[in-house]
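To start, the structure under review is shown below, and the notes come after it.
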Amino acid sequence: MNNDTSPAVKPAQHKLMRRFVLVDGIAVLFLALVAAVVLAIDALLLLFACVLFAVLLYELSAILCRRFGWNRKLALVVVVLALLLIIGLGGWAMAPQIAEQSTELAQQIPQSLQRLRQMVENQPLLARIAADLPDAKQLIGSMQQFVPNAGIFFGGVLGALGNVVIIVFVGIYFALSPRQYKQGIVKLVPQGKRERAVQVMDDIGDTLARWLIGKSLSMLIVGAATAGGLTLLGVPLGLILGIIAGLLDFIPYIGPIMAGVPAVLIALSISPDLALYTVLLFLGIQTVEGYVLQPLVEARAVEMPPALTIVMQLVFGTLFGFAGIALATPLTAMLMVLVDKLYVEDILGDRPTG
């Protein structure tokens with residue numbers, strides 16, 4: 001009996017064995033891919049920052065093409081030269097003041113923290129809490145640990161400058177020939193899905209471009225309003241604090257808090273009333289941004305609920321550090337487009353409403 005059934009059993013066993021080998025092979029490849037992503041996450045985040053800069057350059061050059069009918073590469077050259085000219089002239093005009101205020105800010109923050117500690121210790125109800133607080137040097141050390149080294153390939157200031165150079169040059173190369181890189185990605189997709197892959201990539205690019213344009217305008221307005229408001233209130237170092245506020249406005253919700261802390265501490269070292277007015281200034285600017293600027297940005301890009309944005313900042317911050325927090329919003333916008341197109345529309349069958 002065993003001899004009669006063995007010819008039928010062996011092919012089934014071989015087929016089952018091949019399935020196990022195939023599943024195990026796929027599992028090993030998946031784990032290897034996950035391990036590679038985890039090990040190279042810093043480089044991948046830097047690459048995503050390059051892509052964001054390329055999208056911004058491409059969208060600005062596309063606006064010039066639509067307005068003036070220029071060739072796209074000529075428009076891109078004009079955009080790059082205009083940005084370099086603006087940054088160069090602005091840096092040349094304000095460099096002495098920025099350098100002086102940056103040095104003074106580094107000296108003012110520890111002194112302001114120490115004064116805050118002394119003020120708290122004078123209040124009986126807060127004396128016990130103040131006794132458990134670390135001193136100013138320890139607080140500064142904790143803040144430096146929270147914001148990790150900006151360099152991926154280099155260290156310290158050189159690392160930050162190196163990353164900026166990489167983002168600028170790689171972003172320009174991406175923006176010069178985006179179709180070449182897009183076609184390289186599309187070739188990895190099965191032929192029957194390539195047209196859909198191109199549509200999804202175009203939707204992601206459009207969403208990120210609209211968000212970046214709106215966010216850049218918002219950062220400029222917030223930085224100028226903060227610098228002007230602090231100067232009118234009489235808070236020292238208004239220019240450098242405004243620049244910090246404008247740059248950190250790229251990070252929704254968390255960025256304004258990080259920008260407001262040093263301004264309030266410096267104002268508090270002068271008087272409690274000035275600190276209160278500084279808090280009201282930041283609240284007013286963020287209210288205008290939240291109810292006026294942000295809805296205008298989201299009306300042209302993907303709408304992200306505040307709770308989702310904060311949760312994703314916590315998730316990406318826990319996984320990838322400060323770089324994850326900084327890039328959490330554009331990463332979330334990209335993921336929302338992918339979920340909407342590939343899952344909601346393609347798998348669930350829902351059609352787009354807009």
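The values are calculated or read from the model by the stated rules, or taken from the named source; none is laboratory data. Quick caveat: nothing in here was measured; it's all calculated off a predicted structure. As a convention, Cβ positions derive from the backbone with ideal geometry for all residues, glycine included, and neighbour counts pool all protein chains shown.
Quick check on the stretch 227-253: of everything there that is surrounded by fewer than 19 Cβ atoms within 10 Å (Cβ to Cβ) and closer than 19 Å to Met336 by Cβ, which residue is modelled with the lowest pLDDT?
Tyr253
Being assigned to a helix (DSSP H, G or I), modelled with pLDDT of 65 or more and touching a helix residue (DSSP H, G or I) at 6+ places or on another chain (Cβ under 9 Å) is true for just one of Ala27, Ala54, Ala43, Ala32. Which residue is that?
Matching residue, one of Ala27, Ala54, Ala43, Ala32: Ala54.
Being in contact with a helix residue (DSSP H, G or I) (Cβ under 9 Å, 6 or more places away or on another chain) and either farther than 13 Å from Glu59 by Cβ or at pLDDT 90 or above (or both) is the filter here; which residues of the stretch 70-82 pass it?
Across the stretch 70-82, the qualifying residues are Trp70, Asn71, Lys73, Leu74, Ala75, Leu76, Val77, Val78, Val79, Val80, Ala82.
Can Ala224 be described as surrounded by fewer than 17 Cβ atoms within 10 Å (Cβ to Cβ) and in a helix (DSSP H, G or I)?
yes
Out of (1) modelled with pLDDT of 90 or more; (2) of a type outside the set (Ser, Thr, Tyr); (3) within 22 Å of Ile87 (Cα to Cα); (4) over 19 Å from the mean Cα position of the chain (by Cα), what's the single condition that is false for Ile285?
Failed condition: (3).
Could you go through the stretch 218-229 and let me know if any residue there is in contact with an Asp or Glu (Cβ under 6 Å, 6 or more places away or on another chain), β-branched (Val, Ile, Thr) and either without any contact (Cβ under 8 Å) to a residue 24 or more places away in the chain or closer than 25 Å to Met304 by Cβ (or both).
Within the stretch 218-229, one or more residues are in contact with an Asp or Glu (Cβ under 6 Å, 6 or more places away or on another chain), β-branched (Val, Ile, Thr) and either without any contact (Cβ under 8 Å) to a residue 24 or more places away in the chain or closer than 25 Å to Met304 by Cβ (or both).
Restricting attention to the stretch 146-183, which residues are loosely packed, with under 13 Cβ neighbours inside 10 Å, assigned to a helix (DSSP H, G or I) and either modelled with pLDDT under 80 or of a type in the set (A, V, I, L, M, F, W, C) (or both)?
Within the stretch 146-183, Phe146, Gly156, Val157, Leu158, Val165, Phe169 meet the criteria.
For the stretch 295-331, which residues satisfy the criterion of being crowded, with 19+ Cβ neighbours inside 10 Å and polar (S, T, N, Q)?
Across the stretch 295-331, the qualifying residues are Gln313, Thr329.
Out of all the residues in the stretch 199-257, which are over 17 Å from Leu57 (Cα atoms), β-branched (Val, Ile, Thr) and over 13 Å from the mean Cα position of the chain (by Cα)?
Within the stretch 199-257, Val200, Ile221, Val222, Thr226, Thr231, Val235, Ile240, Ile243, Ile244, Ile257 qualify.
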